[in-house]
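Presented below is the structure to which this report refers.
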Amino acid sequence: MKKPAVPGAILNIVGLVFIFAQHAEASYGSPYADCTFLKENENSTHYGGRCFCYSSGTGVKWRDFWSTFQVSVTGDEDVRLVYPMEGQNCRDPDSVLTLSKCVFDHYWTSSPAGEKMLNIPLVGQDVCFMVKSKRPSVQYTLHVSGKRLDRLHFGLFVTGAVLFHFAGTVCRSSLLYYTVGVSLGVVSILVFLLFMLKNVIPKRGLFLMLFGASSTLSYLGLQQLLAHWDEVSSRYWREALGYLVVSGLVSFAVCYKRGPIRDERALGLMSWVLQALAVGLMYRGITYPTAAYGLLACLLALKGLCILCRQAGWLLRSTLGMLGRRPRVRLLSEEEYREQGEASTRAALEALREHCTRDGFPAWDTVLRLRAPQRFADFLRGGSHLTPGEARTHDQQYGPGGAYFEHMIFSGPWGGPVSESGVNRTEIAEDLERF
């Protein structure tokens, strides 16, 4: 059997982390030669747009993975802080990582323009930002606060770590089911209705096409709502409140009627989705890019290692099952068979006595259905379950030298002549049915 290429996989993971680290250093960590370095907790006055850098004074430690420093500018209205200084080359991306960051920043902008105050992540020992203004000789004052633990980023990281660990338990929670169902019904009623009518749609391709269209319409509607939030909250708040109430109640009613998800395949898919969401939260919670990329690589390697171990265990069990020796089966002798039968009979009779003498047993109903109630009462008091006549008949038929074994030895084929003892097989079958 060919061994799995474990060293090769480890080298690939290390190479991936190295590439991420180099990309992070190239994008964020290198300071600019014409930038002015600022001191923390001091006000400084400057003129015109230019770049500035902040140095933490020490290397980045593990406590700085969730650290930021705050920069505020005081001056005219058109003065604003810009970070990062240079955007990604989205028109001609040089790598898949750059393209993914461009797509992510397009829909989820990291820092909006025109900010007077920014919490800048400590992406390296020296971090640079820029002050821009429409007028070249504008005067402004900068103040830089020292690095500190950012509670928001740390909270995102802890939430993602807990969700990643308990994803399998959380996806089976009824609270999560109703929360996600009602939220989906409120935010994207089209997607919610599409999931409800999934069984009616005949083809999977049509369902995927409708899902893409409804998701796009829901995203555009949500984007327009956020863009005109002030107008909606001031002029159309009654309609918005009515929509929230109606869609929430309808979504809750549909979720309550269908009940929580029980299918193991669907639960497994939900667990993967929750773990992907948890990885995103942990990634957004870490401010140091090298640590964030390293965390992603480690989580992917851990997930792949778990799958690899399960597959290897299944393969090993299958191989051992095929190559292993089958257990030897020894036939019981007649004496052992009789002893086991008597022991099983005694245990079953004792269990029957305990059941019939238990509180709540319908004794009168049972007695009315019996042909010999006195015999049943003697049995419950510890008597034998057989009468002397039945015991003698059993010994004659099945005891040593009995008619049953004599017939098996001396009779011909089934349905043949009568044996020397004068017992036919038909009569023995009737006796077996009676006993």
What are the residue pairs meeting all of these: first residue in region 158-186, first residue within 26 Å of residue 63 (Cα to Cα), second residue surrounded by 13 or more Cβ atoms within 10 Å (Cβ to Cβ) and of a type in the set (Phe, Trp, Tyr), Cβ atoms under 8 Å, and 6 or more apart or on different chains?
160/283
Condition broken by residue 244, with the remaining ones in (1) loosely packed, with under 12 Cβ neighbours inside 10 Å; (2) under 30 Å from residue 194 (Cα atoms); (3) without any contact (Cβ under 8 Å) to a residue 40 or more places away in the chain satisfied
(3)
Condition (residue is polar (S, T, N, Q) and closer than 30 Å to residue 148 by Cα) applied to region 263-285: is it met by at least one residue?
yes
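It is to be established whether one or more residues within region 143-152 are among the β-branched types (Val, Ile, Thr) and assigned by TED's automatic domain parsing to the domain that holds residue 69.
Yes, there is a match, as at least one residue in region 143-152 is among the β-branched types (Val, Ile, Thr) and assigned by TED's automatic domain parsing to the domain that holds residue 69.
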Go through (1) under 20 Å from residue 85 (Cα atoms); (2) in the same structural domain as residue 269 (by TED's automatic domain parsing) for residue 161 and report which single condition fails.
(1)
If residue 94 passes every condition in (1) modelled with pLDDT of 75 or more; (2) assigned to a loop (DSSP other than H, G, I, E, B); (3) out of contact with any helix residue (DSSP H, G or I) (no Cβ under 9 Å at 6 or more places or on another chain) but one, which one does it miss?
(1)
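Table: residues versus (1) surrounded by 12 or more Cβ atoms within 10 Å (Cβ to Cβ); (2) under 59 Å from the mean Cα position of the chain (by Cα).
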{"position": "342", "(1), (2)": "no, yes"}
{"position": "346", "(1), (2)": "no, yes"}
{"position": "353", "(1), (2)": "yes, yes"}
{"position": "359", "(1), (2)": "no, yes"}
{"position": "365", "(1), (2)": "no, yes"}
{"position": "368", "(1), (2)": "no, yes"}
{"position": "379", "(1), (2)": "yes, yes"}
{"position": "388", "(1), (2)": "no, no"}
{"position": "393", "(1), (2)": "yes, no"}
Might you check whether a residue that is at pLDDT 75 or above and of a type in the set (S, T, N, Q) occurs anywhere in region 73-80?
yes
Single match in 190, 206 (criterion: aliphatic (A, V, I, L, M), loosely packed, with under 13 Cβ neighbours inside 10 Å and over 18 Å from residue 266 (Cα atoms)):
206
Among the residues that make up region 218-233, is at least one of them closer than 15 Å to residue 195 by Cα, assigned by TED's automatic domain parsing to the domain that holds residue 173 and either touching a residue at least 24 places away in the same chain (Cβ under 8 Å) or surrounded by 14 or more Cβ atoms within 10 Å (Cβ to Cβ) (or both)?
yes
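The values are calculated or read from the model by the stated rules, or taken from the named source; none is laboratory data. In this text, all values refer to a predicted model and were calculated from it rather than measured experimentally. Cβ coordinates were reconstructed from backbone atoms using ideal geometry, including for glycine residues, and neighbour counts include every protein chain displayed.
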